[in-house]
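Asker: Next up is a structure, given as C-alpha cells.
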Amino acid sequence: MPQSQIPKRPKKQKKLYFPPLMQFALYGLTGYILAANLPALAYESAPLFWVSVPVIAAGALVLFSAVRSFGKANTTVNPITPEQAEQLVTTGLYHFTRNPMYLGMLLVLLGAALALQNLAAFSGPILYSLSITLFQIIPEERVLEQNFGSAFTAYRKQTRRWL
C-alpha cells in the first residue's frame, strides 16, 4: 500500500490529571491560608462583604446552569476525558463564554476573596484562572478542535474564552 493511502492513526490523547474541582479547592484553600497568615493585608468593608454574597451566588448559578446544559445535550461533563464529548454545546451560557463552568468557579473564588476581606485572598482566584487556562482549557480546546473540527473552530472565533 503506498504511503499516502495508509490511514492515519488518531493521536493518542493525553489525559488531564489536574481536575478543575481539585484546582478550585486548592486555590480556594490557598487564598484562605494566605489571608489567615497575612493579617497586614486585611481590610474592613461591610459593603464589599455584602457584594461577596451575590458574586458567590452568581458563580454557583453559572456553574450549575452550565452543567445542566451538558446534561440536556447528553454529553460528558467529565473534564478529565474531553475526548468523550459527543456534542459541542454552544447554546445557553455557552453562547457568551466557552467556559461557563470554570467561570462559575472563578466567580465563587472571587466572592470568597471579597468575603475574607484580605488582599492575599485574591491570590486564589488569580492562581486558579492561570492554572485552569494552562492545564485545562488550552489542552481541552485542542481535543475539542480535533473532535469537532471546523464547528469548534467557528465557535472559538465567535465566542470568548472567559467573557
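Asker: For segment 121-142, give me each residue that is over 13 Å from residue 24 (Cβ atoms) and either open to solvent by less than 10 Å² (accessible area, probe 1.4 Å) or not in a helix (DSSP H, G or I) (or both).
Answerer: Residues satisfying the conditions are 121, 137.
Asker: Does residue 152 satisfy the condition of being out of contact with any strand residue (DSSP E or B) (no Cβ under 8 Å at 6 or more places or on another chain) and under 26 Å from residue 34 (Cα atoms)? Spell out the reasoning first.
Answerer: Working: out of contact with any strand residue (DSSP E or B) (no Cβ under 8 Å at 6 or more places or on another chain): yes; under 26 Å from residue 34 (Cα atoms): no.
Considered against the rule, which asks whether it is out of contact with any strand residue (DSSP E or B) (no Cβ under 8 Å at 6 or more places or on another chain) and under 26 Å from residue 34 (Cα atoms), residue 152 comes out as no.
Asker: Follow-up. Give the number of residues within segment 143-158 that are buried (at least 17 other Cβ atoms within 10 Å of the Cβ) and outside any helix (DSSP H, G or I).
Answerer: 0
Asker: Turning to a different aspect of this structure: Any residue that is within 12 Å of the chain's Cα centre (by Cα) and more than 17 Å from residue 19 (Cα to Cα) - is there at least one of those in segment 50-66?
Answerer: Yes, segment 50-66 has at least one match.
Asker: Give the number of residues within segment 104-163 that are among the charged types (D, E, K, R), within 17 Å of residue 20 (Cβ to Cβ) and in contact (Cβ under 8 Å) with a residue 24 or more places away in the chain. So that I can check it myself, show each step before the final result.
Answerer: Pass one, segment 104-163, residues among the charged types (D, E, K, R): 140-142, 145, 156-157, 160-161.
Still in the list and also within 17 Å of residue 20 (Cβ to Cβ): 140-142, 161.
Next, from what is left, pick out any that are in contact (Cβ under 8 Å) with a residue 24 or more places away in the chain: 140-141, 161.
Qualifying residue count for the region: 3.
Asker: Quick one: which residue in 85, 112 is within 20 Å of residue 32 (Cβ to Cβ) and either more than 14 Å from the chain's Cα centre (by Cα) or open to solvent by less than 50 Å² (accessible area, probe 1.4 Å) (or both)?
Answerer: 112
Asker: Need the failing condition index for residue 95 against (1) in contact (Cβ under 8 Å) with a residue 60 or more places away in the chain; (2) surrounded by 15 or more Cβ atoms within 10 Å (Cβ to Cβ), just the number.
Answerer: Answer for residue 95: the failing condition is (2).
Asker: Can residue 29 be described as at pLDDT 95 or above, open to solvent by less than 80 Å² (accessible area, probe 1.4 Å) and part of a helix (DSSP H, G or I)?
Answerer: no
Asker: Is it the case, given these coordinates, that residue 107 is closer than 18 Å to residue 141 by Cα and either open to solvent by less than 50 Å² (accessible area, probe 1.4 Å) or small (Gly, Ala, Ser) (or both)?
Answerer: no
The values are calculated or read from the model by the stated rules, or taken from the named source; none is laboratory data. Treat the numbers as computed from the prediction; the structure is a model and nothing was measured. Here Cβ is always computed from backbone atoms with ideal geometry, including for glycine, and neighbour counts include all displayed protein chains. What goes into the accessible areas is simple: the full protein's heavy atoms, side chains included, and nothing from ligands, DNA or RNA. Shrake-Rupley method; radii C 1.70, N 1.55, O 1.52, S 1.80 Å.
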